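None of the figures in this text is laboratory data; all of them are computed from the coordinates on show. All figures in this text were calculated on a predicted structure; none of them were measured in a lab. Reconstructed Cβ throughout: ideal geometry from the backbone, glycine too, with neighbour counts over all protein chains shown.
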Amino acid sequence: MSARSAVVPAFDVERIREDFPILKLKVHGKPLVYLDNAATSQKPRVVLESQDRFYTTECSNIHRGVHALSERSTMAYEQARRKVQRFINAREAREIVFVRGTTEGINLVAESFGRKNVRAGDEILISAMEHHSNIVPWQILCEEKNARLRVIPITDEGELRLDEYERLLAPRTKLVAVTHVSNAIGTVNPVRRMIEIAHRRGVPVLVDGAQAAPHFSVDVQEMDCDFYAFSGHKMYAPTGIGILYGKAALLEAMPPYQGGGDMIRSVTFEKTTYNEIPYKFEAGTPNIAAAIGLGAAIDYVNGIGRENAAAYERGLFTYTAGKIAAIPGVRIVGTAKERASVLSFVIDGIHPHDAGTILDLEGIAVRTGHHCAQPVMERFGLPATTRASLAFYNTREEIDALAAGIEKVKEILG
């Protein structure tokens with residue numbers, strides 16, 4: 001292969017934007033500038049079409065019927081599972097459990113692995129930058145088991161204190177649960193190193209990948225995590241579908257999370273025999289259409305080039321950070337060396353909710369509040385921030401519009 005043919009083609013963001021119908025919308029008479037991707041991403045046309053196709057040509061329940069529609073929908077559903085397996089490089093498709101989203105995936109581990117393995121006096125270790133979904137399930141478990149929740153502190157820059165992490169790992173630590181990328185301040189945590197440290201002490205690790213899987217390649221085998229949870233709706237797929245990856249040996253040893261249809265082999269009034277993994281954890285009729293949509297989203301992301309899209313996003317994030325930091329009276333919250341996709345900021349003397357309201361009138365969608373990460377806000381002494389979060393369909397022109405919108409906020413409220 002020649003050097004010329006090996007060159008990666010430029011990322012054509014304008015062509016990509018044509019694949020997302022909603023980006024043509026106007027809000028309050030202004031072109032939509034959608035910068036709330038950490039909350040949920042927009043969906044390409046191929047994902048929307050996959051939903052329509054399922055409901056008009058394949059709609060049927062899965063795993064149970066012998067008629068043509070059931071066989072088609074079952075095949076499409078299981079193909080989606082295999083696409084996820086390849087997307088995160090899991091060893092086996094049976095290590096992929098379909099759930100409603102990251103939140104349910106974490107709760108599944110807390111309710112199943114946690115209830116089986118955590119005893120009074122044991123400890124669960126999380127970080128100070130976790131989303132509520134990676135705090136509350138462990139609090140519930142610790143309260144029930146009379147166990148202890150320990151917290152890894154963070155620096156003023158928003159980086160984990162790895163020295164404190166190693167100190168907090170103790171003989172009674174039963175699980176580490178940590179975010180891959182902070183949804184509030186964008187810090188990319190050194191999860192591979194953290195997993196190595198934990199495994200040397202025999203401690204399994206769950207990684208919350210909700211903000212990582214949409215933005216760069218995830219390899220669960222290389223990472224060697226024990227569990228990895230992420231949501232479809234943040235990576236261009238429908239809402240109501242997510243993934244819990246778990247190492248097969250761990251999943252096999254865990255009891256079911258919920259009881260009902262499809263998670264059983266046989267049922268009598270005296271005894272129930274459970275199904276094999278992953279079906280043991282998929283009770284009832286799943287969100288079949290959304291799973292198929294997740295498969296379509298994975299095909300789409302792979303089709304445009306994951307590494308190419310990630311490189312474009314990194315460049316756009318650098319541009320965004322520089323543009324916002326240069327505005328007088330604006331302070332970026334969280335300045336870790338490794339950051340991705342999320343930029344939180346405050347404007348001197350202006351409440352983030354007021355800033356968000358004025359930006360909305362300019363057609364700019366951002367998130368304001370504590371971002372379901374109140375302990376992070378408390379760590380920085382803030383009630384809330386304004387958060388701009390990126391996707392590969394965003395442009396520098398949209399970032400320029402955000403900067404102009406912030407100047408207008410200052411003009412009106414400053």
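Report, ordered by chain and residue number, the lysines lying within cross-link reach of Lys408, taken as a straight Cα distance under 25 Å and ignoring same-chain residues fewer than 8 apart. Lys408 reaches Lys24, Lys26, Lys30, Lys323.
Note that the range 300-368 shows a convex hull volume over its alpha carbon atoms of 110 Å³ per residue.
This model, with +1 at the C-beta of Lys and Arg and -1 at the C-beta of Asp and Glu, gives the chain a dipole about its Cα centre of some 520 debye. Compactness check for the range 48-302: Cα Rg over 2.2 N^0.38 Å is 1.03. Put a dot 7 Å past the Cα of Ile412, heading toward its Cβ, do the same for Arg45, and the two dots end up 3.4 nm apart. In the chain, a dipole from Cβ-located charges (positive for Lys and Arg, negative for Asp and Glu) runs towards its positive end, and of Ala355, Thr273, Ile292 it is Thr273 whose Cα lies farthest in that direction. The GluC sites (Glu not before Pro) of the range 129-166 that DSSP puts in a loop, and whose beta carbon has at most 15 other beta carbons within 10 Å, are Glu157.
Is the range 337-384 best put as rounded, prolate or oblate by its Cα gyration tensor, with a ≥ b ≥ c the root eigenvalues, rounded for a/c under 1.5, and otherwise prolate when a/b is larger than b/c, oblate when not? It comes out oblate by the Cα gyration axes. A straight chain from Glu307 to Asn89 at 0.36 nm per residue would run longer than the Cα-Cα distance by 77.0 nm. Per residue of the chain, the DSSP helices (runs of n ≥ 4 H) give a summed -39500 (n - 2.57) that works out to -11000 deg cm²/dmol at 222 nm.
Need one word for the range 94-149: rounded, prolate or oblate. Basis is the Cα gyration tensor (sqrt eigenvalues a ≥ b ≥ c); a/c below 1.5 gives rounded, then a/b vs b/c decides. Here the range 94-149 falls in the oblate category.
Excluding the sites themselves, what is the longest stretch of the chain that contains no trypsin sites (Lys or Arg not before Pro) in a DSSP loop with at most 16 other C-beta atoms within 10 Å?
Counting at most 16 other Cβ atoms within 10 Å as exposed, the longest clean stretch of the chain is 338-414.
At an R0 of 35 angstrom, the distance between the Cβ atoms of Asp354 and Gln258 translates into a FRET efficiency of 0.25. For the chain, the membrane-span-like helix rule (DSSP H, alpha carbon extent of at least 27 Å along the helix axis, mean Kyte-Doolittle at least -0.5) picks out 306-325; this says nothing about an actual membrane.
Once you have the Cα-Cα distance between Glu78 and Tyr319, take 0.36 nm times their residue separation minus that, and quote the gain in nm to one decimal. Length difference between fully extended and current span is 82.7 nm. Among the GluC sites (Glu not before Pro) within the range 53-112, those in coil by DSSP and having at most 14 neighbouring Cβ atoms inside 10 Å are Glu92.
Residues Asp360, Asp400, Asp163, ranked from the fewest to the most other C-beta atoms within 10 Å, line up as Asp163, Asp400, Asp360.
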